[in-house]
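Q: What follows is a structure written as structure tokens; I'll ask about it next.
Every number here is computed from the coordinates shown, using simple stated rules; none is lab data. The model shown is predicted, which means the values in this text are computed figures rather than measured ones. Cβ placement follows ideal geometry from the backbone for every residue including glycine, while neighbour counts extend to all protein chains displayed.
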Amino acid sequence: MTSSPTSTPLSSGTPLSLFVLGRQSDPRSERGVECPGDLPPASDPALVERARRAKAALGDRLFVLGHHYQRDEVIQFADVTGDSFKLAREAAARPNAEFIVFCGVHFMAESADILTAPEQKVILPDLAAGCSMADMARLAQVEDAWDVFADAGVAHLTVPVTYMNSSADIKAFCGKHGGVVCTSSNAKSVLQWALRRGEKVLFLPDQHLGRNTAVLQMGMSLDDCVVYDPHQYNGGLTVDELQAATMILWKGHCSVHGRFTEQAVDDVRARIPGVNVLVHPECQHEVVLKADFIGSTEFIIKTIRQAEPGSKWAIGTELNLVKRLAHDHPDLEVVFLEQHVCYCATMNRIDLPHLVWALENLAQGHVVNQITVDPETERYAKAALQQMLDLPGETARD
Ligand code: 13P
Ligand code: SF4
């Protein structure tokens, strides 16, 4: 998996060196990505107009995708909004767009590149918009785990399933080993498919989505699940534990959804009598157990759209989306579930200055921040994605 940053390092700092924000960069680090040329200041009052002009100049050559967790200032320029799965499909359905500008995070732009034609260019306005969950499963770690499984005599019984929120090379690993990709809205049907083909599933990289789906939707018990920790010898598991488990959950989590707490659920119920608690399945199992409704980003949006006027909702998902839902549904009482959780830092990297910078460069003929997946990775990752899309009902899903 490769992307093509156009940045140059301003210093030969060690991997651990700290840079003064905005003054230096280290393209080897997720945090330090430089945008060449002038980035418009965030306070520029003309930014909205500049984005409009650049978009109009590009016309039909451009298609802008916006994930639901993006800032309002960015989402207003999206031609279509959606969760990661819907946006990947939307990208694939626009064969005439020369440029797909992806307002989301890196793994989503990679999936769009995999599903679009070779001549189409997928652009991520800020290369620092990664995903901490996707970063928790590296290819070398997963290959080591597979060797551990082989030594324990379980690799041939195991089907690897990766959440959409993973890098292209992890999707390719799954494609190479007869596995598949899933999303938060189809995890159950994907796991059912996988368990018809094998006795066990290696579920990457989000342990919470894997556990919540297995236990709450498929009738497994917590004892059927073990957690593989890539930072421990043999994943921290014995051969017996690996042989007994049905779900081998990778020790990864979302740094936003993983922070909602049981205490927050108790507090909001005490504060707002009659409140409905609605959470994403990336939340911890104990939190999900206390909630009233659990579902993907699209499910959360649909639930709020269909809610009874006057009803009360505490939502455990990304804050940009919760604020938008609260704003768009003044007839409901919508609150954020947790007081100590912030926006997704990497989603928020895509701001209006970066969007304007990317659009103006494209309009002037400079392709910046193109995300490209190498052909070998693309071939296998596409097989895993296609396997998901081929499951019954997937093409009709929102
Ligand atoms: P979905 O867009 O698939 O709901 O994923 C949630 C998420 O955390 C995206 O980063
Ligand atoms: Fe990654 Fe979580 Fe942010 Fe989504 S919300 S991009 S899974 S860190």
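Q: Assign unit charges at the C-beta atoms only (+1 for Lys and Arg, -1 for Asp and Glu), then state the dipole size of region 257-336 relative to its Cα centre in Debye, rounded to the nearest 20.
A: My answer is approximately 120 debye.
Q: Using +1 at the Cβ of each Lys and Arg and -1 at the Cβ of each Asp and Glu in the chain, identify which of 284, 203, 296 lies farthest towards the dipole's positive end.
A: Value computed over the given set: 296.
Q: I've got another one for you. How much length is gained if the chain between residue 42 and residue 117 is pulled fully straight, taking 0.36 nm per residue apart and subtracting their Cα-Cα distance, in nm to one decimal?
A: Computed gain between residue 42 and residue 117 is 23.6 nm.
Q: In whole Å, how far is the Cα centre of region 260-308 from that of region 365-381?
A: 37
Q: Anyone know which of 224, 83, 328 comes out most mobile in the 10 Å Cα GNM of the chain?
A: 328
Q: Continuing with this model, one more query. Under a Cβ-only charge scheme (Lys and Arg +1, Asp and Glu -1), can you give me the dipole magnitude of region 28-166 about the Cα centre, in debye to the nearest 20?
A: So the magnitude is around 460 debye.
Q: Where the centroid of each part is defined by its Cα atoms, how far is region 211-244 from region 95-134 in Å?
A: Here the answer is 32 Å between Cα centres.
Q: Of the options 111, 134, 96, report the single residue whose Cα projects farthest towards the positive end of the charge dipole of region 87-147 (beta-carbon charges: Lys, Arg +1; Asp, Glu -1).
A: Going by the Cα projections, it comes out as 96.
Q: Something else about it: What is the order of 350, 123, 301, fewest Cβ neighbours within 10 Å to most?
A: With the fewest neighbours first, 350, 123, 301 line up as 301, 123, 350.
Q: If you plug each phi of region 246-257 into the Karplus form 6.51 cos²θ - 1.76 cosθ + 1.60 with θ = phi - 60°, what whole-Hz ³J(HN,Hα) values come out, in order, with x for Gly and Pro?
A: So the Karplus estimates, Gly and Pro as x, are 9, 10, 9, 8, 5, 7, x, 7, 8, 6, 9, 5 Hz.
Q: Continuing with this model, one more query. Determine the percent antiparallel among the DSSP beta bridges restricted to the chain, to the nearest 5.
A: Close to 10 percent.
Q: Contact order normalised by length for region 155-250, with contacts defined as Cα pairs under 8 Å and 6 or more residues apart; what percent is it?
A: Relative contact order comes out at 28 percent.
Q: Related question: Dipole size in debye (nearest 20) for the chain around its Cα centre, Lys and Arg Cβ +1, Asp and Glu Cβ -1?
A: 560
Q: Let me have the 222 nm mean residue ellipticity of the chain computed from DSSP H runs of 4+ only, each contributing -39500 (n - 2.57), with the sum over all residues rounded to the nearest 500.
A: Computed ellipticity for the chain at 222 nm equals -10500 deg cm²/dmol.
Q: Once a ≥ b ≥ c are taken as the square roots of the eigenvalues of the Cα gyration tensor of the chain, is the result rounded (a/c under 1.5), prolate (a/b larger than b/c) or oblate (a/b not larger than b/c)?
A: Oblate is the answer for the chain, as a/c is 1.5 or above yet b/c matches or exceeds a/b.
Q: What does the highest-first list of 235-247, 69-81, 99-111 look like by mean Cβ count within 10 Å?
A: So the peptides 235-247, 69-81, 99-111, ranked by packing, come out 99-111, 69-81, 235-247.
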